[in-house]
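Have a look at the structure below, then the notes.
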Amino acid sequence: MLIESARPTRTAHVTKTTPAPPLAIGNPGPLGLGAFALTTFMLSVFNAGSNLIDSRVEAVVLPVALFYGGIAQFAAGMWEYRVNNTFGATAFTSYGSFWMSFAAYVYFIVPQLASTGKAHQATGLFLLAWLIFTFYMCIASFRVSLQLFFLFAILVVTFILLIVGALAEKKIVTNVGGWFGIVTAFVAWYGSAAVMINTTFGRNILPLGVRTAKAKHSD
């Protein structure tokens, strides 16, 4: 007992660490919606068959589709994952991929199909696949905001018209789809502007009809 009591006692030292605060990032929504809107607008101007711009300069859409509609929107989607916005992340990364694949399709694939006379079928199939995705995103958007629901609903109509125009080779239907695409672009621009302006001024100036915050961040 004397030996035991003579032994020095050791006190364990526990170092308490304070967790680092979460990294704050801005709202990627305005970037994603703006990239989608601008690229959609440029392509839709040509689809609408407007005589204001010569159709021979349609290639100007491709770099915009690759870099702004594609890469920038895809990046916005990745940042939406960072803020736990499943809907925004899925939408922006998917439509960013849409624009990048569209640019690659027009530049690499369409010239190869020109000699077969079947390019319209490939275009129709390409758009049909994206219509399916857009349709269920439209359903989900109803729980997010009225602005997004309106955007996706018009986009569904746009895709349907462009698909029919491509498969049936009806230019007039494609033209109508182009005009719906222009409306789609302005609805997306409104959403981008609303989030940007409301965030900057710290109050709701432009209404979005937000329905529930849970839908935005559901897993």
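The values are calculated or read from the model by the stated rules, or taken from the named source; none is laboratory data. On a predicted model such as this, the values are computed, not experimentally measured, just so you know. Here the Cβ is made from the backbone with ideal geometry for all residues, glycine too, and neighbour counts use every protein chain on show.
If you check G209, G177, G181, G165 for being surrounded by fewer than 18 Cβ atoms within 10 Å (Cβ to Cβ), touching a residue at least 12 places away in the same chain (Cβ under 8 Å) and touching a Ser or Thr at 6+ places or on another chain (Cβ under 6 Å), only one passes: G209.
Where helices (runs of 4 or more DSSP H) fall wholly inside the stretch 107-219, the ranges with 1 or more residues that are over 18 Å from F36 (Cβ atoms) and modelled with pLDDT of 95 or more are 110-113, 119-141, 146-167, 171-201.
May I ask you to verify whether T93 is part of a helix (DSSP H, G or I), in contact with a Gly (Cβ under 8 Å, 6 or more places away or on another chain) and closer than 17 Å to L162 by Cα? When the stated conditions are applied, T93 does not pass them. When each of F135, F201 is tested for being surrounded by fewer than 17 Cβ atoms within 10 Å (Cβ to Cβ), aromatic (F, W, Y) and farther than 19 Å from T40 by Cα, the lone residue that passes is F201. When you check S141 against the structure, is it more than 26 Å from A168 (Cα to Cα), out of contact with any strand residue (DSSP E or B) (no Cβ under 9 Å at 6 or more places or on another chain), in contact (Cβ under 8 Å) with a residue 24 or more places away in the chain and crowded, with 18+ Cβ neighbours inside 10 Å, yes or no? The answer is yes for S141.
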